[in-house]
There are 2 protein chains.
Amino acid sequence: MRIQKASTDPLASWHEGPTKDSIHHFVTRVKTQGGADYLPPFERIAVFDNDGTLWSEKPYYFQLAFALDRVKVLSADHPEWREQQPFKAVLEDNIEEFLAGGMKAILDVLIATHADTTTNEFEAIVCDWITSRRHPKTGRLYTEMVYQPMLELLRYLHANDFRTYIVSGGGIEFMRAWVEEIYGIPPEQVIGSSIETKFEMRDRGPVLVRIPQIDFVDDNEGKPVGINKFIGRRPLLAFGNSDGDHQMLQWTEAGEGPRFMGLVHHTDAEREWAYDRDSLVGRLDKALDEARAKDWTVVDMRRDWRVVFPWENE
Amino acid sequence: MRIQKASTDPLASWHEGPTKDSIHHFVTRVKTQGGADYLPPFERIAVFDNDGTLWSEKPYYFQLAFALDRVKVLSADHPEWREQQPFKAVLEDNIEEFLAGGMKAILDVLIATHADTTTNEFEAIVCDWITSRRHPKTGRLYTEMVYQPMLELLRYLHANDFRTYIVSGGGIEFMRAWVEEIYGIPPEQVIGSSIETKFEMRDRGPVLVRIPQIDFVDDNEGKPVGINKFIGRRPLLAFGNSDGDHQMLQWTEAGEGPRFMGLVHHTDAEREWAYDRDSLVGRLDKALDEARAKDWTVVDMRRDWRVVFPWENE
């Protein structure tokens, strides 16, 4: 009996309890024809943050790991970086010094490593990196550092005619290179931060060139802006894990009818990481207070998840 | 026999001939399973310009008519406009003088009339206008000034599992207010020009406020940029009518495998308007040359369309 149940339960990696119940309850309300809260498939929009919500974000955002690796590759063409911060710190593997440079250091590195290629070239560079580089702590490919319970949640929503979008502070083109294969979320349902691109007619045809200038920051107040810009509808469900998702959750909640607001709370120092109010990466403070005050769903990773990463099932 | 044929022909308003054949031929290539050019539904992306491609754009863009009407409504709160160009000309119904102000006058009016509301308020304003105001020449609602053959083409593509997007220089939120009902194209498949929006927490909850600052111009080189930003895939089919669509057609053509590039050529002074190389609104010059050189499909409105507007069938 137990095996049968596990094999047919779409949320098999979630422990039974109020968190799992809240998901089932919400989906059932929305999909029950003739019910007071029924909504047709085209209204079933669900938005997910990525870093810390669908995959890990420690010791720092994986896209930053990509950027730091790119600094080393590109340094051959930039001898001046050996004496120029924040690149010097990166080339000397002095991550602490690099991070001491704060958001400016991070932005400098992101822009220097994400521009001056065509969109096609950039996609190939990301694909190459993401299929070969491994996480410093687990030794796993970064795409293995995704949360099994959240993969199941995505599939469960897809099976119930939800369209799932990623709404992430991460780079839109960094994510589009791999998320369809890993999450089953197609490129047109990925919203993220971006730099400007420019159409250019070359001898072999037109290209889009990525230029070193911020176009859009899809974080905090930017998330509802991005949702409105790209989707033009308000989501029914939003899932995040940090204060960067706070406004997206508020925007979702403010719609009429059934809404689901969820937070992944990183409480599992053993299987993943435990952090919230004091963390630089993925700080969860104000959104946690509001979630508790308003009875949003807060996933306690340690208690609610039978399994964290897919490989634990191996 | 004739009646039967018309009633089952998805492109009944298109005359038989090479233009109609080119559409049928392309769709058949893409959808024939086992064929060399078969592509699965998720790849079947089709992009359409709006002004002059799906609905008329004369005597000037309909969104500009909306903006000019808004100047009059808003002038009660702006007594200074009575002495200030370009508003003065608009308030005096001196369209010629207004248009003499060129793109700057148009932008000034667009920004003054499209900002300082929430996104919800703006949608209501557009809905109210589009369901009540009528075209100065035909006396029809603007939403009746759509091309019956293009409505049939959209339906034909939908029936063959294409996802159709609007990629227009027009305002994204102006279009989203009405295009789903008229074209069957949902808000998340509308790409257009935009002003910035800003998240704001008010007493009654969060709103997005439209602020008077250009965010994105989805025209000319901006169209491939917008396609890449919003869709992240290259279209298989692109339809436009002016040089503003040229780069979108080039970008579409540069993909591998079957592609369809189409232009609506306004050749029917009797039923619609006739204009191309010398028109300020909807100039078609360079794109027409390239279309002819490369054997793209050029719709001769007068010869290829049995019917132009839906009401001709009444």
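The values are calculated or read from the model by the stated rules, or taken from the named source; none is laboratory data. Worth saying up front: this structure is predicted, and the values here are computed from it rather than measured. We place every Cβ from the backbone using ideal geometry, glycine too, and count neighbours over all the protein chains shown.
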### Task
Within the range A:180-191, count every residue that is of a type outside the set (Ser, Thr, Tyr) and more than 10 Å from every other protein chain (Cβ to nearest Cβ).
4
### Message
With the condition being among the aromatic types (Phe, Trp, Tyr) and surrounded by 15 or more Cβ atoms within 10 Å (Cβ to Cβ), I'd like the helices (runs of 4 or more DSSP H) fully within the range B:1-114 carrying at least 1 qualifying residues.
### Response
B:18-31, B:62-74, B:87-91, B:95-100
### Task
List every residue pair whose Cβ atoms lie under 7 Å apart, where the two residues are 6 or more positions apart in sequence or sit on different chains, the first residue falls within the range A:244-261 and is more than 11 Å from chain B (Cβ to nearest Cβ), and the second residue, located anywhere, is part of a helix (DSSP H, G or I) and crowded, with 23+ Cβ neighbours inside 10 Å.
A:Asp245/A:Lys223; A:Asp245/A:Ala287; A:Pro258/A:Val30; A:Arg259/A:Thr252; A:Met261/A:Leu249; A:Met261/A:Thr252
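Yes/no matrix, rows are residues, columns are (1) aliphatic (A, V, I, L, M); (2) closer than 20 Å to A:Ile45 by Cα; (3) surrounded by 21 or more Cβ atoms within 10 Å (Cβ to Cβ); (4) over 14 Å from the mean Cα position of the chain (by Cα):
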position	(1), (2), (3), (4)
B:Ser168	no, no, yes, no
B:Glu181	no, yes, no, yes
B:Gly192	no, no, yes, no
B:Arg202	no, no, no, yes
B:Gln213	no, no, no, yes
B:Arg233	no, no, no, yes
B:Leu249	yes, no, yes, yes
B:Ala254	yes, no, no, yes
### Message
Take B:Glu196 and tell me if it is within 9 Å of another protein chain (Cβ to nearest Cβ) and either buried (at least 23 other Cβ atoms within 10 Å of the Cβ) or assigned to a helix (DSSP H, G or I) (or both).
### Response
no
### Query
Restricting the range A:109-130 to residues that are in contact with a helix residue (DSSP H, G or I) (Cβ under 8 Å, 6 or more places away or on another chain) and not hydrophobic (A, V, I, L, M, F, W, C), which is nearest to A:Val217 (Cα to Cα)?
A:His114
### Query
In the range A:270-293, what count of residues is obtained for those that are of a type in the set (Asp, Glu) and buried (at least 18 other Cβ atoms within 10 Å of the Cβ)?
2
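Output the residue which, of all residues in the range A:202-243 that are part of a strand (DSSP E or B), more than 7 Å from chain B (Cβ to nearest Cβ) and among the hydrophobic types (A, V, I, L, M, F, W, C), is nearest to A:Asp51 (Cα to Cα).
Result: A:Phe239.
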### Query
Which one is nearest to B:Ile106 (Cα to Cα), of the residues in the range B:32-88 that are more than 26 Å from the chain's Cα centre (by Cα) and of a type in the set (D, E, K, R)?
B:Lys88
### Task
Working carefully through the options B:Arg134, B:Arg204, find the one that is of a type outside the set (Val, Ile, Thr) and either in contact with a Leu (Cβ under 7 Å, 6 or more places away or on another chain) or on the phi > 0 side of the Ramachandran plot (or both).
B:Arg134
### Task
Could you tell me whether B:Thr267 is out of contact with any Lys or Arg (no Cβ under 9 Å at 6 or more places or on another chain) and either surrounded by fewer than 20 Cβ atoms within 10 Å (Cβ to Cβ) or in contact (Cβ under 8 Å) with a residue 24 or more places away in the chain (or both)?
no
### Message
Going by what's in this entry, would B:Phe162 be described as more than 10 Å from chain A (Cβ to nearest Cβ), surrounded by 24 or more Cβ atoms within 10 Å (Cβ to Cβ), out of contact with any helix residue (DSSP H, G or I) (no Cβ under 7 Å at 6 or more places or on another chain) and at pLDDT 95 or above?
### Response
no
### Summary
Here the qualifying pairs (Cβ atoms under 8 Å; residues six or more apart or on different chains; first in the range B:107-127 and more than 15 Å from B:Lys72 (Cα to Cα); second of a type in the set (A, V, I, L, M) and part of a helix (DSSP H, G or I)) come out as B:Thr117/B:Ile125
### Which numbered condition A:Thr138 fails, given (1) surrounded by fewer than 17 Cβ atoms within 10 Å (Cβ to Cβ); (2) within 12 Å of chain B (Cβ to nearest Cβ); (3) among the β-branched types (Val, Ile, Thr)
(2)
### Message
Based on this model, can you work out whether A:Ala46 counts as farther than 28 Å from A:Asp304 by Cβ and either in contact (Cβ under 8 Å) with a residue 40 or more places away in the chain or touching a strand residue (DSSP E or B) at 6+ places or on another chain (Cβ under 8 Å) (or both)?
### Response
no
